[in-house]
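Asks: Please find one structure pasted underneath; my questions will follow.
The values are calculated or read from the model by the stated rules, or taken from the named source; none is laboratory data. This one's a predicted model, so the numbers in the text were calculated from it and none came from an experiment. Positions of Cβ are backbone-derived with ideal geometry, glycine not excepted, and every protein chain shown enters the neighbour counts. Ligands, DNA and RNA are stripped out before the accessible areas are found, and what is left, the full protein with its side chains, is counted by its heavy atoms. Shrake-Rupley method; radii C 1.70, N 1.55, O 1.52, S 1.80 Å.
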Amino acid sequence: MPKGEFLMKKFLALFLAIAVVASMGVSAFAETAWPEEKTVQMIIPFGAGGDTDLHCRTLTDMVSKELGVDIVCSNVTGTSGTVAARQVMDSPNDGYTIMWQQTSFLIASLLGVCDFDYTAFTTACTVIEDLSSFVAVKADNRKYSTFEEFVEYAKAHPGEILWGGSIGGDAHMYTLMLAKALGLEFTYVDLDGTAEIIPALLNGSIDFTMGVYGTYGEYVKNGDFAALCYLGDKALDGSDTPTWKEFTGEDFPIGKMFCYMFPADTDPEIVEKFNAAVKKCVESDEFKEHCEKYFINPVYRDGDDAAEDRKNYYAAMAEYRDDLLVK
């Protein structure tokens, strides 16, 4: 074989080999080293003590052990999760800053509280649905002891009843949905999480809130609060307290969803590694026991399914955008 033809064949063989390896991507050579022996920051968008903080710390501690790396949870409060979201959005997308989020951020971004929304992040996975919200009032109030009385009083005294919670949060939206469906008018008091809401309800600074049973149920059991109506499909305190469907004949439109999110364009291998650890933890008996204790549902979805969750919730909330803006 002529020398020139031999060299040409060698060149073509080398070229094809390089092309094949290149088409397989960088991961063909080596898997990403994440997580290294470096602390991962988990940003929680609300203060300590509430359900958002509790569920995140419980699950994230399990994920930390599964990955074999320290994950430090930090509470970054303000504007229904948008302050925390901006911090994460502006962080390096190297896998060492992650955000725990819930539906409040979707509402805030829908209202234009921030100039970005869920599409500015990589949604890793959704992990929890909470359908346990209920209308909570101080048990010894003298205005109403049943939901029917509450509705009658609200209709007779428009704007007099004070609701307390995070303006722009999920409980705010639930309350607006309730008010719109029943033709009620409330005055809204902006409070930052359960650390402010619970004392305000106990001391009478507000008349009611929309609480999740995992956080507020103990106050119902010990007689401080009374549950007037459950938004889910049953009364979680074992009483004959009516559900929304029993009172109106319809299911309540949405619940509360929790998820993990990374800065945009985070390496897919990092997200996949993280998701694998999360999935194992969410499906564990230990986490299922936690969910049963706090009346929440473990629901693991990743990839396109997780992104679809975000999209569907955002679309459902958009129907109430004008009401949220007016209030």
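Asks: For the chain, with a Gaussian network of springs between Cα atoms less than 10 Å apart, report the residue from T248, T175, T82 with the top mean-square fluctuation.
Replies: T248
Asks: Still on this structure, please answer the following. Roughly how many Å is it from the Cα centre of region 134-173 to that of region 222-239, as a whole number?
Replies: Taking the Cα centre of region 222-239 as reference, the centre of region 134-173 is 14 Å away.
Asks: Moving on. Mind listing P(r) for region 65-148? All alpha-carbon pairs, 5 Å bins, whole percents.
Replies: 2, 10, 18, 18, 15, 10, 9, 7, 5, 3, 2, 0
Asks: Could you pull the Rg and Dmax for region 237-327, using just the Cα atoms, both in Å?
Replies: In order Rg, Dmax, the Cα atoms of region 237-327 give 17.4, 51 Å.
Asks: Can you order the peptides 202-208, 100-106 by their average number of other Cβ atoms within 10 Å per residue, highest first?
Replies: 100-106, 202-208
Asks: Further question on the same structure: Identify which of the listed values of Rg/Rh (Cα atoms, Kirkwood Rh) was calculated from the structure shown: (1) 1.06; (2) 1.09; (3) 1.13.
Replies: Comparing each candidate, only (3) matches the computed number.
Asks: In addition: Which residues among region 105-134 fall inside the zone where the amide N is under 12 Å from a point 7 Å beyond the Cα of S91, along Cα→Cβ?
Replies: In region 105-134, the label zone of S91 (backbone N under 12 Å from the point 7 Å along Cα→Cβ) covers no residue.
Asks: Please report the net charge: other residues with Cβ closer than 10 Å to the Cβ of Y144, K and R +1, D and E -1.
Replies: Spelling it out: positives minus negatives among the neighbours equals -2.
Asks: Sorting T123, T39 by accessible area (1.4 Å probe), largest first, what list results?
Replies: T39, T123
Asks: Using only the alpha carbon atoms of region 175-264, find the Kirkwood hydrodynamic radius as the inverse mean reciprocal pair distance, in angstroms to one decimal.
Replies: 14.9
Asks: Can I ask one more? Testing the spin-label approximation: label points 7 Å from Cα along Cα→Cβ at F116 and A318. State their distance in nm.
Replies: 2.1
Asks: Let me spell out the model: positive unit charges on the Cβ of Lys and Arg, negative unit charges on the Cβ of Asp and Glu, origin at the Cα centre of the chain. What dipole size does that give, in debye rounded to 20?
Replies: Magnitude of the dipole: close to 700 debye.
Asks: A follow-up question, please. Length gain on complete extension for the stretch K311 to E289, per 0.36 nm per residue less the alpha carbon to alpha carbon distance?
Replies: 5.0 nm
Asks: Provide the solvent-accessible area of E308, counting protein heavy atoms only and rolling a 1.4 Å probe, rounded to the nearest 10 Å².
Replies: 80
Asks: Cα-Cα over 22 Å: which of K65/K256; K155/K221; K65/K280; K234/K288; K155/K180?
Replies: Those over the limit are K65/K256; K155/K221.
Asks: Compute the accessible area per residue over the chain, keeping the other protein chains in place, probe 1.4 Å, unit Å².
Replies: In whole numbers, the chain has 47 Å² accessible per residue.
Asks: Helix 268-282 versus the longest principal axis of the chain: what is the Cα-based angle in degrees, 0 to 90, to the nearest 10?
Replies: 50
Asks: Let me ask you something else. Taking the Cα centre of each part, how many Å lie between region 292-327 and region 78-97?
Replies: Cα centroid to Cα centroid, the span is 19 Å.
Asks: If you don't mind, another one. What residues have an amide H closer than 5 Å to that of I167, excluding those fewer than 5 places away on the same chain, when H is modeled at 1.01 Å from N in the peptide plane?
Replies: Those lying under 5 Å, H to H, from I167 are L191.
Asks: When the helix-only estimate is applied to the chain (DSSP H runs of n ≥ 4, each -39,500 (n - 2.57), divided by the residue count), what is the mean residue ellipticity at 222 nm, nearest 500 deg cm²/dmol?
Replies: Here the helix-only value at 222 nm equals -13500 deg cm²/dmol.
Asks: Could you rank H157, H55 by how accessible they are, 1.4 Å probe, largest area first?
Replies: Greatest to least solvent exposure: H157, H55.
Asks: Quick check: the angle from helix 147-156's long axis to the longest principal axis of the chain, C-alpha only, nearest 10 degrees?
Replies: Helix 147-156 sits at roughly 70 degrees to that axis.
Asks: For the chain, modelled as a Gaussian network with Cα springs under 10 Å, which listed residue fluctuates most, D192, D240, D53?
Replies: D240
Asks: At 1.4 Å probe size, with the rest of the protein present, what percent of the exposed accessible area of the chain is carbon and sulfur atoms?
Replies: The nonpolar share, carbon plus sulfur, comes to 51 percent.
Asks: Sort F247, F287 from largest to smallest accessible area, using a 1.4 Å probe on the heavy atoms of the protein chains.
Replies: These residues rank, largest area first, as F247, F287.
Asks: Shifting gears a bit: Give, rounded to the nearest 20 debye, the magnitude of the charge dipole that region 153-306 has about its Cα centre when Lys and Arg contribute +1 at Cβ and Asp and Glu contribute -1 at Cβ.
Replies: 340
Asks: Modelling each spin label as a point 7 Å along the Cα-to-Cβ direction, I'd like the E160/L202 distance in nm, to one decimal.
Replies: Using points 7 Å along Cα→Cβ, the separation is 2.7 nm.
Asks: Separation between the E152 and N222 pseudo-spin-labels, each 7 Å from Cα along Cα→Cβ, expressed in nm?
Replies: 3.2
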